[in-house]
Amino acid sequence: MSIVQIIHFVLCWLLIVAVLLPLVKNDYWVFRILEYPRYQKLWLCGAALVSLVFTIEYNENFHVITTAVLALCSIYLLYKILPYTLLSPKEMKSVQPKDAQNQLKVFSANVFQDNHAYDRMLLQIGQSNPDIVFLLETDKNWERAMDVLKKDYPNCLKEPLDNTYGMLFYSRLEVQEGAIQYLVENDVPSLEAVLTLPSGQPVKVWGLHPKPPVPGEDDRSTAKDKELMKVALRVKKTTLPVIVMGDLNDVAWSYVTTLFRKTSGLLDPRRGRGFYSTFSAFYWFMRFPLDYIFCSAHFGLINMKRLEKNGSDHFPIFSHFEYIPVLENIQEKPSADADEMQEAIKKAKQPV
């Protein structure tokens, strides 16, 4: 083989390794972070396949094997991301707004702590007119800048921190009970609250922002996975309608997020509608769906959209739901089998 061919095949096998490594269910960041760019890897695999088809020597076993393995990798990647495209059925039903007393509008955003474009954030919130606002990576500066929200959103839960894990929660709905908790790590808070819709229907809400499995933050995904599984198991036990939202620092197609969905039984409104990739707002070629909103089957989706850039490295997400009790018996909820449930329980109890 020529030098060019050698480089070509080395790059192909590096790509194959990048596809296969996440199949190893290890918490170390190298294995977990490679789950994120599956969409990007699909495009790279496609390009590599096209180049191989026109350059390989079909009488060389190594060439044929490389092409076949790359083709299998492409099929696998397509299988993983297909549920989040328009080619798949919607997991959560679209509904027309009927009963304003049972509707819930949610604005959720990772503000990027060093971003000081406070007015742009306030403008987006004002234009969206949500019922609840959940802001992440918020420090004292962000708390002061957002104080104006208390006029329209008098019910607040705040935990401003300067470690990029602060959170601010504002609600115009009554908060029956609510608290900032530290479920796993003493520097990473989470939100748990019960809100009351105008109709009087209570709704359980969790807001999360675990650490990502990247060097400099956390070398392992253990703490993140533990927090997600602890919440999933709590959701499974509650009888109230549920919303879980926030920057989960995990992609929709990862095995941990899949386990979270199955364990909790919550629906993902993005399935069948699109990726709604929220990070990075700075680099179009490296965008992943990191910011989530999951709902119990009591809700139908009126509208969901990724909003425009506002100075943060994340795009905000706006979601509009309607509580329709009959949907709980109509919408198919994901469920975990016995082995998956044991895995979720194990992750929820593992030391960090």
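Just one residue in the set L197, L168 is crowded, with 20+ Cβ neighbours inside 10 Å, within 16 Å of F107 (Cβ to Cβ) and not small (G, A, S); that residue is L168. Residues in the range 51-99 that are free of Cβ contacts under 8 Å to residues at least 24 places away in the same chain, hydrophobic (A, V, I, L, M, F, W, C), open to solvent by 80 Å² or more (accessible area, probe 1.4 Å) and in a helix (DSSP H, G or I): I65, L72, I75. For V244, indicate whether it is open to solvent by 50 Å² or more (accessible area, probe 1.4 Å) and at pLDDT 95 or above. It is false that V244 is open to solvent by 50 Å² or more (accessible area, probe 1.4 Å) and at pLDDT 95 or above.
Taking the criterion of being farther than 22 Å from K262 by Cβ and among the β-branched types (V, I, T), the only residue of the range 285-313 that qualifies is I302.
One residue stands out among those in the range 330-345 that are among the acidic types (D, E) and assigned to a loop (DSSP other than H, G, I, E, B): the one that is least open to solvent (accessible area, probe 1.4 Å), which is D337. Among all positions in the range 218-241, there is no residue which is in a loop (DSSP other than H, G, I, E, B), more than 16 Å from Q181 (Cβ to Cβ), in contact with a Phe, Trp or Tyr (Cβ under 7 Å, 6 or more places away or on another chain) and among the hydrophobic types (A, V, I, L, M, F, W, C). Selection over the range 41-65 of residues that are under 18 Å from L21 (Cα atoms) and out of contact with any Leu (no Cβ under 7 Å at 6 or more places or on another chain) gives a count of 1. Among the residues of the range 200-222, those that are among the aliphatic types (A, V, I, L, M) and either crowded, with 21+ Cβ neighbours inside 10 Å or closer than 20 Å to C295 by Cα (or both) comprise V203, V205, L208. Can V10 be described as open to solvent by 70 Å² or more (accessible area, probe 1.4 Å) and modelled with pLDDT under 95? Against the criterion (open to solvent by 70 Å² or more (accessible area, probe 1.4 Å) and modelled with pLDDT under 95), V10 qualifies. A count restricted to the range 276-304 and to residues that are surrounded by fewer than 19 Cβ atoms within 10 Å (Cβ to Cβ) and either of a type in the set (G, A, S) or within 21 Å of Q331 (Cβ to Cβ) (or both) stands at 3. With P160, P89, P97, P130 as the choices, which residue is in contact with a Gly (Cβ under 7 Å, 6 or more places away or on another chain), closer than 30 Å to A297 by Cβ and of a type outside the set (S, T, N, Q)? None of the others qualify; the one that does is P89.
Hey, any hits in the range 155-171 for a residue that's closer than 23 Å to E343 by Cα, touching an Asp or Glu at 6+ places or on another chain (Cβ under 8 Å), polar (S, T, N, Q) and in a strand (DSSP E or B)? The answer is no, given that none of the residues of the range 155-171 is closer than 23 Å to E343 by Cα, touching an Asp or Glu at 6+ places or on another chain (Cβ under 8 Å), polar (S, T, N, Q) and in a strand (DSSP E or B). Just one of (1) in contact with a Lys or Arg (Cβ under 9 Å, 6 or more places away or on another chain); (2) open to solvent by 20 Å² or more (accessible area, probe 1.4 Å); (3) under 26 Å from S296 (Cβ atoms) fails for G178. It is (1).
The values are calculated or read from the model by the stated rules, or taken from the named source; none is laboratory data. Please read these numbers as outputs of a predicted model, since none were measured by experiment. Reconstructed Cβ throughout: ideal geometry from the backbone, glycine too, with neighbour counts over all protein chains shown. Protein only, heavy atoms only, side chains kept; ligands, DNA and RNA dropped before computing areas. Shrake-Rupley method; radii C 1.70, N 1.55, O 1.52, S 1.80 Å.
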